[in-house]
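The values are calculated or read from the model by the stated rules, or taken from the named source; none is laboratory data. What you see is a predicted model, and the numbers here were worked out from it, not measured in a lab. So basically every Cβ, Gly included, is an ideal-geometry build from the backbone, and we count neighbours across all protein chains shown. Ligands, DNA and RNA are stripped out before the accessible areas are found, and what is left, the full protein with its side chains, is counted by its heavy atoms. Shrake-Rupley method; radii C 1.70, N 1.55, O 1.52, S 1.80 Å.
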Amino acid sequence: MKNPQSMQKQTFSVRRPVLTVVIIELLLLLAVFAAGAVATVKQLDYTAPVLMSFTPIALVLIIYLTLRHKWRETGFQSLAAIPASHAKYYIPLLLVLGTLALKGFTELTLSKVAFFILFTLLVAFVEETIYRGLIFKTLLRKSAIAAVVTSSILFSITHIMNALSGQSMADTMLQLVYALLLGAVLALLMLKNGNIVPLILFHFIHNLIQFLGNDRQDTGTLPYDLFILVVLVVYCVWLTVSLRTKLSSKNSSPPGGSVVH
């Protein structure tokens, strides 16, 4: 039986991890949908809902992580903290970025590039801190599977709001699958190294390429999208096998023995 005094000392997220995740997700969706409603009524630009909702969320996250001294615990560490032998696990991310870039870019201006750099940095910071930071870390106390699967599903569901902006159902479904696989990959990398910084950098560059890239609605980019989906599926399998092998090695190694990664 757990000591009542020790239970009282535990934070709410430790005592109620599932409820904590539900609250975080609902608050995020509420903020986005409310901002979307305002933007629709006032006929604002398609980036307005994200700016109106994510800007205050980013400020709250920064204040919370600073006051509670949770930056490191949430995964904000130096890139040097990642073992050199683990660098190979990030190579497929470069392949994804390279494939996206092959779609081409629209006509670029300095103001457009500057705006979307700030915009995508905001999105990357908020989404990664929430999904691969707070939600992932909270559910990791229950199990690694719960952390990876749930954070990935919630990350995917959040992108359903794109359907409200006039996007077709087919495009929305493709994006949901894409977000699910991408979320799983990033969650597995978080489980592998516990470092959120490379995930934010990838998310930032990924979104920047998408916003500055061609927005054609024909099937010309479909082969690129399908290739990326295949890469993500294989990537998930590779990371899963790597993590299972690492776990098996730890369990089979003698006390005090070292584990080769």
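Summary table
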quantity	calculated
Net dipole in debye of the chain [+1 Lys, Arg Cβ; -1 Asp, Glu Cβ; about Cα centre; nearest 20]	1340 debye
Accessible surface of the stretch 1-90 [probe 1.4 Å, protein heavy atoms]: carbon and sulfur percent	68 percent
Net charge over other residues, Cβ less than 14 angstrom from the Cβ of residue 18 (K, R count +1; D, E count -1)	+4
Accessible area, probe 1.4 Å, largest first, for residues 130, 157	157, 130
Rounded tilt (10° steps) of 197-212 against the dominant C-alpha axis of the chain	10 degrees
Residue-normalised accessible area of the stretch 87-159, expressed per residue, 1.4 Å probe, Å²	43 Å²
Helix axis angle, 48-67 relative to the chain longest principal axis, alpha carbon, degrees	20 degrees
Local electrostatic count, residue 133, Cβ distance below 10 Å [Lys/Arg +1, Asp/Glu -1]	0
Burial order of peptide ranges 104-116, 34-46 (average beta-carbon count within 10 Å, highest first)	34-46, 104-116
